[in-house]
Amino acid sequence: MIELEDVWKVFGADERAILREARRDAPDEAVLKRLRAVVGVAGASLSVGKGELVCLMGLSGSGKSTLVRLVNRLLEPSAGRVRIDGGDILSLGPKALRELRSRRIGMVFQSHALVAHLSVRDNVALPLEIRGVARTKREDRADELLARVGLDGLGDRRVGALSGGMQQRVGLARALAADPDILLMDEPFSALDPLIRHDLQTQFMALSRELGKTTVFVTHDVDEAFRIADRVVLMRAGRIVQTGTAEALASRPADDYVRRFVRNARLPACDAQPSARVRAFA
Amino acid sequence: MSDHSAWDEAVSRFAGINGSYYRRAFRRIGERRGYVPSFNVAAALFGPVWFGGRRLWSAFWPVLVADLLAAVLIAFALSGGASGEQGARADRLATLAATRLAEARTANDADPGSAMAKSLTRSAAALEQAAKDARQAAEDARSGASLIVAIGGGLLLLARLAAGGLADHIAERRFREWRLEGDAGKAGFSLLHAAGAAGLLAVFVPIVFLHFADRTLFDAVPSDPAWNSAAAARLNAGVAAVSGAASPVAGRLTAAIDAMLGLMEGILTGTPWPVVMAVILALAWQLAGFRVFLLTFVAVSYLAILGYWEKSMQTVALLGTAALISVAIGIPLGVLCGYNRRVAAVMRPLLDFMQTMPAFVYLIPVIALFGIGKPSGIIATVIFGIPPVVRLTALGIASVPAAVREAAVAFGASRTFILFRIDLPTAAPSIMAGVSQTILMCLSMVVIAALIGAKGLGEDVLHALQYAAQGQGLLAGLAILLCAIVLDRIVQGRQSP
């Protein structure tokens, strides 16, 4: 279970001064501009239950990719608390943090972020190599995962020889390699074409249901969020605007921003059989 | 339509004065592809002053230089061209001839028919002839002066025609940049800048004419040899102080390099030659494939048959030691530069310095520090050879995608893991290119290293240079080349294209 409590992330030369200004009730834009401040996440609180799949949604620059990076401290929060299963991860030393990352958290990136000079198998096995697992053992595990994401027998290929969709499956397999209980997914399917995206979503939903990982999934695509998420978190300008199920967001948008976001969304049921109830929202 | 009027308004604001002219001109330029004839009379008439006032600096300087060049030609011709100089020389020679003749007469009077008198007479006659030639040259130059004036005037005319014909186009391009900058940049005609440009002309043109009217005015650049010698003396003291202070360290370094080189040389020259040859050939085949093996075979045969074997092994030991040290220092340094922008900013000018400073210049301090001999040669070679491997390693490390590194961090990788498993392998092609460059740079230092006592093929080239033995020089040079190419190809291994 992941808990974020009033976390902030600001960028700039003097984080503390920026934070002080940004935390006021009415921050002075001129001061922030002078400090060359970028406010990534502004006081977000969120808890993700065990086995839950939460989608962070919002426009570009709304802070969703920043927020997901605060969970495994790829970015150091400027303020606030981050807990995993009750343990404060901000107090972890470098070694304990590495341990946490390699055992408990898997991550998938929009740009695949695969290592070009390694084979597909070695890429999948990378988290295990980092953890110091012996070669044969990690290769067996990698092959098992490659089969799982539908890339049977492609272990010896070069990463560059695969298509975008296949590369992202390798990325997914890599995230699962260490059998973490938390999955962080930063716009994993955004760069793919619609058909492949749909396929991968379907495959991911099946996998996710089967494995029951606690997942934070970042996307800017409402349809994707509504299709896969147990709960959707809508962000704007670093703040969480509304949290709820797809139905809740669609039927009771908190403000105009949310309304505009969900206006053209298809609710998951739409895929199978469009109902009158859903069409009313469209 | 509203868009049009906004454009009109922008042009007017950009132009400042004469807005309607520029609206028409810019529109005409935009309406057709290629060069549209458009002649700006003001630009042609006022030249640099116009370009200065419009702040079109990239065009201002060429126009100014053309003006000054024309001024130089015209002033030179008006002052009598080369005729003044030649005339003066003729006068000087004539006086000299007269004195020489007088001397000859006195000598003849004192000792008639003496060798002294004869040679003086001959010298006087020769001087007389030279004076006559100079006078003739002065005459020719005077008649050539009008041609030079014509050339100067033509240059001025041509430059101004080009300025007028291009001015609107240059201004139009600047206008588009100006709009891209959000209309915020400076626009309009600046009287201040025009005055500045006119001021430059008003200073430089009179100087040009004054110089040709009176050559003594701007004859010598005002310099003070005392400053030069004072600075040199201070540097001397500095080098002496540093070499004094560092001599214990330098001594240890020299010994270490000597030991390393001795080991290399011992292996290469102490082992029976058939064994060394066989090992080199086998290495070439194993590491770099059949083609490099063939190349190596040819090179080894050349070196053996022409009697360069021993010396080439000494050279390879020297080259190899220098390259090894360069790579051993260069790769970590490059990694540091790749990670840390500040280190890179400090290193860049330093590397430029090492690469461009003529080797002979730092040879002197190196000798002062490390004495004459092979270690000094190696250190000089390392200074020259290290920059490429540092640069290309830094480039390779800096071009590792940030996302890949981030992913490794997300999976709990340590810094060491990222360096050795992600960054270095990803940067490997770039690093290998740097190593190759470094080897080739080291090669080019072999001859210079020979100057300060390093043995090997460099010596032969040096000998050939001293005795102008072209054939020997070419053969030895080719031997150095072959050593370096073989070394490089073997190090590059199979992936080299």
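Only the coordinates and a few stated rules stand behind these numbers; no lab work does. Everything numeric here is computed off the predicted structure, so don't read it as measured data. Cβ: placed from backbone, ideal geometry, glycine included. Neighbour counts: every protein chain shown.
Near B:Leu457: Cβ cut-off under 15 Å, other residues only, Lys/Arg at +1 and Asp/Glu at -1. The net charge is -1. Solvent-free Debye calculation, one equal scatterer per alpha-carbon of the stretch A:25-72: log10 I(q)/I(0) at 0.19 Å⁻¹ equals -0.77.
Averaged over peptide A:98-105, the number of partner chain Cβ atoms lying within 10 Å of each residue's Cβ comes to 3. The residue list A:Val68, A:Ser190, A:Val170 was ranked by how far each Cα lies along the charge dipole of chain A toward its positive end, using unit charges on Cβ atoms, and A:Val68 comes out on top. Working ranking of peptides B:378-387, B:146-155, A:248-257, B:239-248 by packing, defined as the average number of other Cβ atoms within 10 Å per residue, highest first, is B:378-387, A:248-257, B:146-155, B:239-248. For the stretch B:1-79, the list of trypsin sites (Lys or Arg not before Pro) that fall in a loop by DSSP and count at most 11 other C-beta atoms within 10 angstrom reads B:Arg32, B:Arg33. For the pair the stretch A:6-39 / the stretch B:291-313, the C-alpha centres are spaced 69 Å from each other.
Counting only lysines at least 8 places from B:Lys455 when in the same chain, those with an alpha carbon closer than 16 Å to its own are B:Lys311, B:Lys374. Shape call for the stretch A:59-110 from the C-alpha gyration tensor, a ≥ b ≥ c root eigenvalues: rounded (a/c under 1.5), prolate (a/b greater than b/c) or oblate? Since a/c reaches 1.5 but b/c is at least a/b, the shape of the stretch A:59-110 is classed as oblate.
With the charge dipole of the protein assembly as shown set up from +1 on Lys and Arg Cβ and -1 on Asp and Glu Cβ about the Cα centre, the Cα lying farthest toward the positive end among the listed residues A:Ala30, B:Ala484, B:Gln129 is that of A:Ala30. Our Cα-only numbers for the stretch B:249-492 put the radius of gyration and Dmax at 19.5, 67 Å. Simple point charges give the picture: +1 on the Cβ of Lys and Arg, -1 on the Cβ of Asp and Glu, and for the stretch B:249-492 a dipole about the Cα centre of about 580 debye.
The reciprocal of the average 1/r between distinct C-alpha atoms defines the Kirkwood hydrodynamic radius, which for the stretch B:1-93 equals 16.9 Å.
Remark: C-alpha extents of the stretch B:208-357 on the principal axes read 75, 44, 35 Å, sorted largest to smallest. For the stretch A:235-252, 3J(HN,Hα) computed residue by residue from phi via the Karplus equation (6.51, -1.76, 1.60; θ = phi - 60°) reads 10, 8, 6, x, 10, 7, 8, 7, 10, x, 6, 4, 4, 4, 5, 6, 8, 10 Hz, glycine and proline entered as x.
Overall size of chain B from C-alpha positions, given as principal axis extents largest first: 105, 78, 49 Å.
Whole percent per 10 Å bin, from 0 to the bin with the longest distance: what is P(r) over all C-alpha pairs of the stretch A:111-153? Final binned percentages: 31, 56, 14.
Peptide A:108-116 is shielded by partner chain Cβ atoms: per residue, an average of 5 of them sit within 10 Å of its Cβ. For the stretch B:352-397, the equivalent ellipsoid derived from the alpha-carbon gyration tensor has semi-axes of 24, 11, 6 Å in decreasing order. Each Lys and Arg contributes +1 and each Asp and Glu -1, all at the Cβ; summed about the Cα centre of chain B, the dipole is approximately 1200 debye. Normalised by residue number, the volume inside the convex hull of the Cα atoms of chain A is 141 Å³ per residue. A Förster distance of 60 Å, applied to the separation of the beta-carbon atoms of A:Ser60 and B:Asn228, puts the FRET efficiency at 0.45. Amide hydrogen proximity for A:Leu53: with H placed 1.01 Å from N in the peptide plane, the residues at 5 or more positions away or on another chain lying under 5 Å are A:Thr215, A:Asp230, A:Arg231.
With the gyration tensor restricted to C-alpha atoms of the stretch B:87-232, the semi-axes of the equivalent ellipsoid amount to 59, 23, 12 Å, longest first.
In terms of overall dimensions, the C-alpha atoms belonging to the stretch A:126-258 reach 54, 30, 27 Å along their principal axes, ordered largest to smallest.
Residues in the stretch A:202-210 carry Karplus couplings, in order, of 4, 4, 5, 4, 4, 4, 5, 5, 5 Hz; the curve used is 6.51 cos²θ - 1.76 cosθ + 1.60 with θ = phi - 60°, and Gly or Pro positions show x. Taking N as the residue count of the stretch A:1-110, its C-alpha radius of gyration divided by 2.2 N^0.38 Å amounts to 1.13.
Take chain A and mark each of the trypsin sites (Lys or Arg not before Pro) that is in a DSSP loop with at most 13 other Cβ atoms within 10 Å; the longest unmarked stretch, sites excluded, is A:51-262. With 23 Å as the limit on Cα-Cα distance, the pairs of A:Lys64/A:Lys213; A:Lys9/A:Lys33; A:Lys64/A:Lys95; A:Lys9/A:Lys50 that go past it are A:Lys64/A:Lys95; A:Lys9/A:Lys50. Computed from Cα atoms alone, the Kirkwood hydrodynamic radius reported for the protein assembly as shown is 35.2 Å. Peptide B:410-423 is shielded by partner chain Cβ atoms: per residue, an average of 6 of them sit within 10 Å of its Cβ. Pairs of alpha carbons in the stretch B:110-191 separated by more than 14 Å make up 80% of all such pairs. Packing, taken as the mean count of other beta carbons within 10 Å per residue, orders the peptides B:446-453, B:38-45, B:69-76 from highest to lowest as B:446-453, B:69-76, B:38-45. By definition, a body whose alpha carbon gyration tensor gives a ≥ b ≥ c is oblate when a/c is 1.5 or more and a/b is not larger than b/c, and the stretch B:1-51 fits this oblate description. For chain A, adding -39500 (n - 2.57) for each run of n ≥ 4 DSSP H residues and dividing by the number of residues yields -12000 deg cm²/dmol at 222 nm.
Would you work out the relative contact order for chain B, in percent, from Cα pairs under 8 angstrom that are 6 or more residues apart?
15 percent
For the stretch B:231-311, the ratio of Cα radius of gyration to the globular rule of thumb 2.2 N^0.38 Å stands at 1.78. Residues whose amide H comes within less than 5 Å of that of A:Gln242, counting only those at least five positions distant or on another chain, are A:Leu234 (H built at 1.01 Å from N in the peptide plane).
Determine how many Å³ per residue the convex hull of the Cα atoms of the stretch B:367-497 encloses.
Numbers: hull volume 16.3 nm³, N = 131.
Taking the convex hull of the Cα positions in the stretch B:367-497, it is 125 Å³ per residue.
Scalar couplings 3J(HN,Hα) for the stretch A:60-72, obtained by applying the Karplus form with A = 6.51, B = -1.76, C = 1.60 to θ = phi - 60°, are 4, x, 7, x, 5, 5, 5, 4, 5, 6, 6, 5, 9 Hz; x denotes Gly and Pro.
The alpha carbon centroids of the stretch A:55-80 and the stretch A:126-162 are separated by 29 Å.
In whole angstrom, the stretch B:2-213 maps to an equivalent ellipsoid with semi-axes of 63, 15, 11, each derived as √(5λ) from the alpha carbon gyration tensor and ordered largest first.
If each DSSP helix of 4+ residues adds -39,500 (n - 2.57) and the sum is divided by the residues in chain B, what number results at 222 nm, nearest 500 deg cm²/dmol? The helix-only estimate for chain B comes to -28000 deg cm²/dmol at 222 nm.
Radius of gyration (Cα atoms) of the stretch A:199-260, expressed as a multiple of 2.2 N^0.38 Å: 1.19. Taking amide H positions as modeled 1.01 Å from N, with prolines and chain starts lacking one, no residue 5 or more places away or on another chain lies under 5 Å from A:Leu74. For the stretch B:196-240, chymotrypsin sites (Phe, Trp or Tyr not before Pro) are listed when DSSP marks them as loop and at most 15 other Cβ atoms sit within 10 Å of their Cβ; the list is B:Phe218.
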